[in-house]
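The values are calculated or read from the model by the stated rules, or taken from the named source; none is laboratory data. Note that this is a predicted model, so its numbers are computed, not measured. As a convention, Cβ positions derive from the backbone with ideal geometry for all residues, glycine included, and neighbour counts pool all protein chains shown. For the accessible areas, the whole protein counts, side chains as well, though only heavy atoms, and no ligand, DNA or RNA atoms are used. Shrake-Rupley method; radii C 1.70, N 1.55, O 1.52, S 1.80 Å.
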Amino acid sequence: MSGYADAVQRCQARTVLDAVALDPAFFAQSVLGWTPWSRQREILRSAREHRRTLVMSGHGVGKTRTLASLICETMVTEPDCRIVCMASTYRQVHDALWGEVQKLYRDARLPLGGRMGETDWTLGDGSRASIVAVDDPTALQGIHSRRVLVIVDEAEGVDPRMWGAIDSLLSSGGSSLVVAFNPVTPSGYLFDAHLNPQRWNVIKVSCLEHPNVAQGEEIITGAVTREWVEEVRAREGEDSPFWASRVCGQFPAAGSDSLVSVAELEATENVA
């Protein structure tokens, strides 16, 4: 046995698990060495408390970093877990999401243990995280474990055929799904999901509330800036679909071929 994951196993993970339960930012800060802002903490907590989490976000708010941190936390604190990582394209899941997992693994304050590869990460306790094909539902067959966590980043472009296969992975009691995306198209699976709060915990993350934008300085390096938001405001206007999706993390008011606005549909859902 070696590495931090094995040390956690030896003490039955009580200290870390108890701390994580009390503070969703604990693992990110104490082990991985980064500090989540309020919406990132909300996502981390939701992944533990809800079976399905839907993250609708503006541009550059740190959703991929949050998902990568969640993957690391789950691998270390959940013995015999299985984590499935997906995105809209193989390049996105490999270069962006998995690349962020590799970076957090490499830069962690404590060794996370196991074997980190180009497409998967395995630990001696049976835990495994891996990226899978984004356009082949059969790639999700045969994935079972006591704890299955499914992560879908940049979900707007996911092949519609995949959603049924993704949902089938939640058959075990301890399984959960986290889907993150920029809400561009007011129709389809993700649009329907955001209108169903009984099934999904919906988290909307606006660029306007990000610390960099709210405080007007680059507090979090590489994230969205107030300058970019003001450029979009001037170029597109606050009534534009681009502003709604890429800045506010909301579906545009109506699609180009839509007869009913999103606001009207949401009002109908609330009445029902």
*Determine, yes or no, whether Glu238 is in a loop (DSSP other than H, G, I, E, B) and either open to solvent by less than 50 Å² (accessible area, probe 1.4 Å) or without any contact (Cβ under 8 Å) to a residue 12 or more places away in the chain (or both).*
yes
*Selected residue (criterion: least open to solvent (accessible area, probe 1.4 Å)) from residues of segment 50-89 that are within 14 Å of Glu154 (Cβ to Cβ) and of a type in the set (D, E, K, R)*: Lys63
*State which residue pairs qualify: first residue of a type in the set (Gly, Ala, Ser) and inside segment 197-212, second residue crowded, with 17+ Cβ neighbours inside 10 Å and at pLDDT 95 or above in any location, beta carbons under 6 Å apart, and separation of 6 or more residues or different chains.*
Ser206/Gly58; Ser206/Cys248; Ser206/Gly249
*Can you name every residue in segment 109-158 that is within 29 Å of Thr185 (Cβ to Cβ) and touching a residue at least 60 places away in the same chain (Cβ under 8 Å)?*
Ile143, Val148, Leu149, Val150, Ile151, Val152, Asp153, Glu154, Ala155, Glu156, Gly157, Val158
*If you scan segment 52-82, which residues turn out to be at pLDDT 95 or above and not in a helix (DSSP H, G or I)?*
Arg52, Thr53, Leu54, Val55, Met56, Ser57, Gly58, His59, Gly60, Val61, Gly62
*Residue selected from segment 150-207 under the condition in a loop (DSSP other than H, G, I, E, B), open to solvent by less than 50 Å² (accessible area, probe 1.4 Å) and of a type in the set (Gly, Ala, Ser), by the criterion nearest to Ser57 (Cα to Cα)*: Ser206
*Tell me which of these Gly142 doesn't satisfy, since it passes every other one: (1) open to solvent by 20 Å² or more (accessible area, probe 1.4 Å); (2) outside any loop (DSSP other than H, G, I, E, B).*
(2)
_The one condition in (1) out of contact with any strand residue (DSSP E or B) (no Cβ under 9 Å at 6 or more places or on another chain); (2) closer than 29 Å to Asp192 by Cβ; (3) at pLDDT 95 or above that Asp107 fails to fulfil_ = (2)
*Determine whether segment 216-225 contains at least one residue that is without any contact (Cβ under 8 Å) to a residue 60 or more places away in the chain, farther than 30 Å from Arg82 by Cα, hydrophobic (A, V, I, L, M, F, W, C) and not in a strand (DSSP E or B).*
yes
_Any residue at all in segment 90-112 that's closer than 20 Å to Val55 by Cα, open to solvent by less than 30 Å² (accessible area, probe 1.4 Å) and not in a helix (DSSP H, G or I)?_
no
_Is it the case, given these coordinates, that Ala7 is among the aliphatic types (A, V, I, L, M), at pLDDT below 95, open to solvent by less than 60 Å² (accessible area, probe 1.4 Å) and closer than 30 Å to Trp243 by Cβ?_
no
*Is it true that Met56 is over 28 Å from Thr225 (Cβ atoms) and among the aliphatic types (A, V, I, L, M)?*
no
*In the set Ser245, Ser258, which member is modelled with pLDDT under 95 and either farther than 30 Å from Thr138 by Cα or buried (at least 16 other Cβ atoms within 10 Å of the Cβ) (or both)?*
Ser258
*Please give the number of the condition Arg115 fails out of (1) under 20 Å from the mean Cα position of the chain (by Cα); (2) open to solvent by 20 Å² or more (accessible area, probe 1.4 Å); (3) more than 22 Å from Ser168 (Cα to Cα).*
(1)
*From (1) open to solvent by less than 10 Å² (accessible area, probe 1.4 Å); (2) charged (D, E, K, R); (3) more than 18 Å from His50 (Cα to Cα), pick out the condition that doesn't hold for Glu218.*
(1)
